[in-house]
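Notes for the one structure printed next.
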Amino acid sequence: MSVANEVAELTVDLGNRSYDIQIGRGLIDVLGASVAELRPARRTAIVTDSNVGPIYLDRVAQSLAKQGLNVSQITLPAGEETKRFSVLEDLLSQLLTMEIERGDFVLALGGGVVGDIAGFAASILKRGVDLVQVPTSLLAQVDSSVGGKTGIDTPHGKNLVGSFHQPKLVVIDTAVLATLPRRELLAGYAEVVKYGLIRNFDFFEWLETHGSDVIGLKAEAVQHAVKTSCRAKSEIVSADEKESGERALLNLGHTFAHALEVCAGYGSALLHGEAVSVGMALAFELAAECDLVQRQEAQRVSAHLRSVGLMTAIKDIKSAFNTAELVDAMRHDKKIVDGAPRLILPRAIGDAFVSSDVTFERIQDFLDARLKD
Ligand SMILES: NC(=O)c1ccc[n+]([C@@H]2O[C@H](COP(=O)([O-])OP(=O)(O)OC[C@H]3O[C@@H](n4cnc5c(N)ncnc54)[C@H](O)[C@@H]3O)[C@@H](O)[C@H]2O)c1
Ligand SMILES: [Zn+2]
């Protein structure tokens, strides 16, 4: 089989809730067979968004119909604003009208927004309907579709209402990345780099050489990057499904990122992955200042992120920030334990740990220095 047609299969090992992740090009045209193999369901409700639906929905529907599955379709508006109660309510009532039962499937076809809200709807519909994730953004392919976190945003903050609901299958067709806007692709790439930074120096080194091929959508490079990322995520999730330990490492750069996102106002000013890129660079700089990691390592991380076109400094972001607001946002982060910030910091590239030793005062000084003219 040529590399272009290679299909990788990984398993997320969670006992009787284990599931497969398939990765390859062209899989949306054949996923019906894999879904039918899970169980000959009566129905599959495809949930997608207004950008992805017009491009890929018909192909997915045909692939399911070919296996004799009865297909229904729901298209939600694209964008983070979709992850809210009113849309969830409407989605649930459409699924109920379609008479989706516990033996049926909800299939999420889209980026992390669709995966999160469709996954949450599946988890509470009739106390839990089976879910198939078909992620179409790079971020969703390497991160959000694997691991079972689902949810919506509320006026109190992002992802504050949700559930753990592991999918029964994740089908990743890397060819669909061809239509993903470049800015979204780059944002997703930040999460790919994250896996190298937290646990896999060799992968980071590989990305230094092949990152531009991943961004350039060279089939072999994309396959390796997505497979390595999914393997990392699935190993971490298998070891710590509900984030009591190791899973927290996936939040490298995220405490800074969330604060930047809160202050920039969750819009097109700053995408999540862009914030993560800056956040990871900041985590390395802070660790260097605290003598936890060598300064050259921090510079090396920033140099790679910049080389592909990602931002690494708060001043790169086209929004006005002030330290007090950023620190305030960090204090309200849901990952704060007993008032101490729980930061993921590096000892080296490929070796991250959970630290509660850096005070908010220290972080305030650190950010002050970065925001000074
Ligand atoms: N559940 C988790 O573990 C987890 C992890 C990380 C992020 N998330 C969530 O994921 C969301 C972000 O995900 P995202 O970055 O995928 O955002 P998204 O779903 O908004 O997708 C980004 C944009 O790309 C479009 N798009 C997606 N795939 C496309 C394709 N193949 N071709 C053309 N357009 C395409 C979408 O319509 C959207 O406009 C956030 O809500 C975040 O909270 C969840
Ligand atoms: Zn993230």
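The values are calculated or read from the model by the stated rules, or taken from the named source; none is laboratory data. The shown structure was predicted, so the numbers you read here are calculated from the model rather than taken from an experiment. Cβ coordinates were reconstructed from backbone atoms using ideal geometry, including for glycine residues, and neighbour counts include every protein chain displayed. In case anyone asks, the SASA skips ligands and DNA or RNA and just uses the protein heavy atoms, side chains included. Shrake-Rupley method; radii C 1.70, N 1.55, O 1.52, S 1.80 Å.
Here are a few things to note about the model shown:
- Out of 331, 300, sole residue that is away from ligand 2 (no atom under 16 Å from the Cβ), open to solvent by 50 Å² or more (accessible area, probe 1.4 Å) and modelled with pLDDT of 95 or more: 300
- Residues (more than 16 Å from ligand 1 (Cβ to nearest atom) and either of a type in the set (A, V, I, L, M) or not in a helix (DSSP H, G or I) (or both)) located in region 198-215: 200, 207
- Residue in region 87-107 that is in a helix (DSSP H, G or I), within 16 Å of ligand 2 (Cβ to nearest atom) and open to solvent by 10 Å² or more (accessible area, probe 1.4 Å) present: no
- Residue that is nearest to residue 157 (Cα to Cα) [pool: residues in region 308-330 that are out of contact with any helix residue (DSSP H, G or I) (no Cβ under 7 Å at 6 or more places or on another chain) and of a type in the set (Gly, Ala, Ser)]: 324
- Some residue of region 150-170 being within 16 Å of ligand 2 (Cβ to nearest atom), at pLDDT 95 or above, among the small types (Gly, Ala, Ser) and touching a helix residue (DSSP H, G or I) at 6+ places or on another chain (Cβ under 9 Å): yes
- Pairs are defined by a Cβ separation below 6 Å, a sequence spacing of at least 6 or placement on different chains, a first member in region 296-311 that is in a helix (DSSP H, G or I), and a second member that is of a type outside the set (A, V, I, L, M); the pairs so defined are 298/284; 298/285; 301/284; 302/312; 304/208; 305/277; 305/312; 306/312.
- Any hit, region 264-279, residues being closer than 16 Å to residue 354 by Cβ and in contact with a strand residue (DSSP E or B) (Cβ under 7 Å, 6 or more places away or on another chain): no
- Among the residues of region 173-191, none qualifies, meaning not one is modelled with pLDDT under 95 and closer than 22 Å to residue 234 by Cα.
- Summed over region 33-51, residues that are within 24 Å of the chain's Cα centre (by Cα), in a helix (DSSP H, G or I) and surrounded by fewer than 23 Cβ atoms within 10 Å (Cβ to Cβ) total 1.
- Members of region 16-32 that are open to solvent by less than 10 Å² (accessible area, probe 1.4 Å) and assigned to a helix (DSSP H, G or I): 28, 31, 32
- Flag: residue 243 matches the condition of being within 16 Å of ligand 1 (Cβ to nearest atom), open to solvent by 30 Å² or more (accessible area, probe 1.4 Å) and at positive phi.
- Residue 69 away from ligand 1 (no atom under 16 Å from the Cβ), closer than 19 Å to residue 129 by Cβ and open to solvent by less than 80 Å² (accessible area, probe 1.4 Å): yes
- Long-range neighbours under 6 Å by Cβ, at least six apart or interchain, first residue modelled with pLDDT of 95 or more within region 63-80, second within 16 Å of ligand 1 (Cβ to nearest atom) and assigned to a strand (DSSP E or B): 73/46; 74/47; 75/48; 76/49; 78/49
- Hey, residue 209 β-branched (Val, Ile, Thr), modelled with pLDDT of 95 or more, open to solvent by less than 60 Å² (accessible area, probe 1.4 Å) and away from ligand 2 (no atom under 16 Å from the Cβ) or not: no
- Only one entry of 282, 292 meets the criterion of being under 23 Å from residue 205 (Cα atoms) and surrounded by fewer than 21 Cβ atoms within 10 Å (Cβ to Cβ), and that entry is 292.
- On inspection, residue 175 qualifies as surrounded by fewer than 20 Cβ atoms within 10 Å (Cβ to Cβ) and of a type in the set (Gly, Ala, Ser).
- Which listed residue, of 344, 336, 349, 314, is open to solvent by less than 60 Å² (accessible area, probe 1.4 Å) and modelled with pLDDT under 95: 336
- Looking at region 112-172, the strands (runs of 3 or more DSSP E) lying wholly inside it that each contain 1 or more residues that are at negative phi, surrounded by 24 or more Cβ atoms within 10 Å (Cβ to Cβ) and more than 7 Å from ligand 1 (Cβ to nearest atom) sit at 130-135.
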